[in-house]
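The values are calculated or read from the model by the stated rules, or taken from the named source; none is laboratory data. Because the structure is a prediction, the values reported are computed rather than measured. Glycine gets a Cβ as well: all are built from the backbone with ideal geometry, and neighbour counts include every protein chain shown. We work out accessible area using only protein heavy atoms, side chains counted, and drop any ligands, DNA or RNA first. Shrake-Rupley method; radii C 1.70, N 1.55, O 1.52, S 1.80 Å.
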Amino acid sequence: MNIKLCFSWLILLPIMYSCHQPNNKRVSGVLIDEWKFQLLDTIEASAASFDDSHWRILNLPHDWSIEGEFNEKNPAGVGGGALPGGTGWYRKSFALSSEDKDRNIFIRFDGVYRNSEIWINGTSLGKRPNGYISFEYDLTPYLDFTGKQNVLAVKLIIRSNQIHGGIPVRVYTAM
């Protein structure tokens, strides 16, 4: 009986040990503070090296369209609240250390209204035509883990008959 018990433990211990992965837990954080924002129609704002030092600093959620003048001649027209349209950019910089290099890092948006495109360090991750759906991107292959700044850029285009422009809800990440 002792031999069977010892043999069972010899098999079970390695299995139990291999199932224990303390560094594989999910961590999440919220990136809502200190985003930079500018109404600007240039693709160059997607580059990590773009100078955004003069941009407005704000916290999310934010809706830039409702900050404008209400006017029936605005692109949204009366049916869209007579709000202004245009192209808006949000940028967020953050650093990661070499301790993070074995993690998979994602960004999750609960909603970005509207016609958004997301970049990390100058690489386009994708586009979304509407804003009432959550989405996420894997940032891991495009990140710098040496302590240098990573730059997340979000572009929104508001055209006629679209009511709001901005990031109306929190941005989540698994950092």
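The table that follows gives values for the structure above.
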{"item": "Selection within the range 125-140 - in contact (Cβ under 8 Å) with a residue 24 or more places away in the chain and in a loop (DSSP other than H, G, I, E, B)", "result": "Gly131, Ser134, Leu139"}
{"item": "Evaluation of Phe135 against (1) modelled with pLDDT of 95 or more; (2) aromatic (Phe, Trp, Tyr); (3) surrounded by fewer than 17 Cβ atoms within 10 Å (Cβ to Cβ) (one fails), failing number", "result": "(1)"}
{"item": "Matching residues in the range 79-98 - criterion: being of a type in the set (A, V, I, L, M) and touching a strand residue (DSSP E or B) at 6+ places or on another chain (Cβ under 7 Å)", "result": "Ala95, Leu96"}
{"item": "Residues of the range 141-159 classified as in contact with a strand residue (DSSP E or B) (Cβ under 8 Å, 6 or more places away or on another chain), touching a residue at least 24 places away in the same chain (Cβ under 8 Å) and open to solvent by 30 Å² or more (accessible area, probe 1.4 Å), total", "result": "6"}
{"item": "Odd one out for Tyr172, checked against (1) closer than 19 Å to Leu31 by Cβ; (2) modelled with pLDDT of 90 or more", "result": "(2)"}
